[in-house]
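What follows is a short report on a single structure.
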Amino acid sequence: MAFIPVVGTSIRRQLEEREEQILSPYATLNRRSRGRTRPEDDDLRDIRLPFQRDRDRITHSKTFRRLKHKTQVFLAPTGDHYRTRLTHVLEVSQIARSMATALCLNECLTEAIALGHDLGHTPFGHAGEATLNELHPGGFRHYIHSLRVVDTLENNGQGLNLTFEVRNGIVKHSKGNGDILPKDSAEIPATLEGQLVRLSDIIAYVNHDMDDALRSGVLKGKDLPQKIKDVVGERHSKRIGAMVRDLIVETLRADDGRLHVSEAMLEAITDLRAFLYDNVYRYYKVHNEFEKAQKIIRELYGYFFEYGLSGRIGEGWEPGEEESDWPNEKIAHRQVCDYIAGMTDRYALNLYEQIFLPKPWSAR
């Protein structure tokens with residue numbers, strides 16, 4: 001039966017009722033959300049559901065826009081076709097939404113988590129993350145910082161006040177080199193939509209990082225082991241399609257409220273990730289550039305910690321304050337870490353040049 005909203009009745013309420021009619025029993029309904037950190041007035045005139053509002057708050061944030069100039073794999077790429085952190089989250093969103101639609105899960109919740117999951121990433125990718133983790137006394141993990149961005153740093157220090165489900169999906173999205181489908185429920189998001197984004201993240205990056213490595217010449221098509229090709233296929237689109245279809249079919253077949261991937265596909269994804277670590281992420285040319293980037297992060301951190309925060313104002317330069325102006329060392333570390341983590345690659349490079357490199361002198 002067709003769904004046509006009725007004028008004069010809350011569109012939001014009608015959309016909530018439609019969710020209950022068409023979504024899977026395993027889906028997370030807007031009406032059953034655990035709410036926001038700070039209660040907000042329930043505006044029945046709003047045409048958006050809570051998870052839609054979260055998605056909009058994320059896409060309109062300054063942090064989201066800065067992702068376009070943050071490294072995915074290749075440092076500050078000059079080519080127009082290499083992925084950045086922004087295109088990565090868009091690809092994760094596209095893959096996750098496709099699977100959410102097929103599984104009748106909440107697409108808006110899935111999209112909000114996907115678009116927000118990497119807001120806390122540093123300049124220079126995981127090299128920047130590793131350096132801040134080394135320098136900041138409390139450590140640094142991009143997924144925890146992503147939550148700090150949406151809870152505290154965005155919106156002039158007010159945060160975005162997102163729903164529990166989106167926040168939980170953001171902070172639980174990362175797996176590193178860990179199990180792709182862990183058995184411990186404490187490691188995975190509380191919602192099936194959040195778990196879907198977690199899997200979509202690895203599907204996206206093993207495929208687009210492979211594609212970028214082929215484009216750059218770091219890899220040749222023949223380098224990918226035949227064992228992996230036999231399962232996922234030869235081409236970029238075939239590989240993504242194979243992974244997506246496998247997850248949808250296996251999950252629908254199990255029908256138990258959990259995500260499933262066949263043993264053969266799980267092994268292929270795990271092997272592909274290991275192949276990329278060995279042949280791309282640790283490739284000497286990539287690694288050498290990241291060592292230079294880590295030097296930049298270390299020196300900026302030390303400078304800001306000693307002299308206070310400083311940055312570019314248009315074409316000008318705003319010097320920092322003296323170290324004695326920090327209220328205490330803990331606050332100094334926290335603010336310096338937040339500042340650097342929010343930088344784009346090119347902003348960090350330009351700032352480093354302004355601070356540490358000599359400028360030609362002229363008497364005029």
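The values are calculated or read from the model by the stated rules, or taken from the named source; none is laboratory data. These figures come from a predicted structure and were not determined experimentally. When we count neighbours, we look across all protein chains shown, and the Cβ atoms used for this are built from the backbone with ideal geometry, even at glycine. Surface accessibility is based on the protein's heavy atoms, side chains included, excluding ligands, DNA and RNA. Shrake-Rupley method; radii C 1.70, N 1.55, O 1.52, S 1.80 Å.
What the table shows:
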quantity	calculated
Shape of segment 145-271, Cα gyration tensor, a/c cut at 1.5	oblate
Nitroxide proxy distance, nm - points 7 Å out along Cα→Cβ at Gln14 and Arg334	4.7
For Gly311, residues with placed amide H under 5 Å, excluding near neighbours	Glu318
Point-charge dipole on Cβ atoms (K/R +1, D/E -1) for segment 89-216, about Cα centre, debye to 20	180
Heavy atoms of Ser262 accessible to a 1.4 Å probe, total area in Å² rounded to 10	30
0 to 90° range, to nearest 10: angle between helix 236-254 axis and the chain longest Cα axis	50
Mean separation of Cα contacts under 8 Å, 6 or more apart, over the residue count of the chain: relative contact order %	18
Positive-end residue, segment 1-69 charge dipole about Cα centroid, Cβ charges, pick of Ile22, Val7, Gln52	Gln52
FRET efficiency for Gln21 and Tyr277, using Cβ-Cβ distance with R0 set to 56 Å, rounded to 0.05	0.80
Whole-Å distance, taken between Cα centres, linking segment 133-200 and segment 68-126	14
Value in Å of the Kirkwood radius, where the chain supplies the Cα pairs that are averaged	22.2
Cα gyration tensor shape for segment 119-194, rounded if a/c is under 1.5, else prolate or oblate	oblate
Centroid-to-centroid separation of segment 208-235 and segment 25-62 [C-alpha atoms, Å]	40
His142 - accessible surface, heavy atoms, 1.4 Å probe, Å² rounded to 10	10
Ranked order, Tyr281, Tyr301 - accessible area, probe 1.4 Å, largest first	Tyr281, Tyr301
Segment 28-173: relative contact order as a whole-number percent, Cα under 8 Å and 6+ apart	29
Global form of segment 1-136, assessed from the alpha-carbon gyration tensor, a/c cut-off 1.5	prolate
Local electrostatic count at Lys68 - Lys and Arg +1, Asp and Glu -1, tallied over other residues with Cβ under 15 Å	+3
Estimated vicinal HN-Hα couplings, Hz - segment 266-271 in sequence order (Karplus 6.51, -1.76, 1.60; Gly, Pro = x)	4, 5, 5, 5, 5, 5
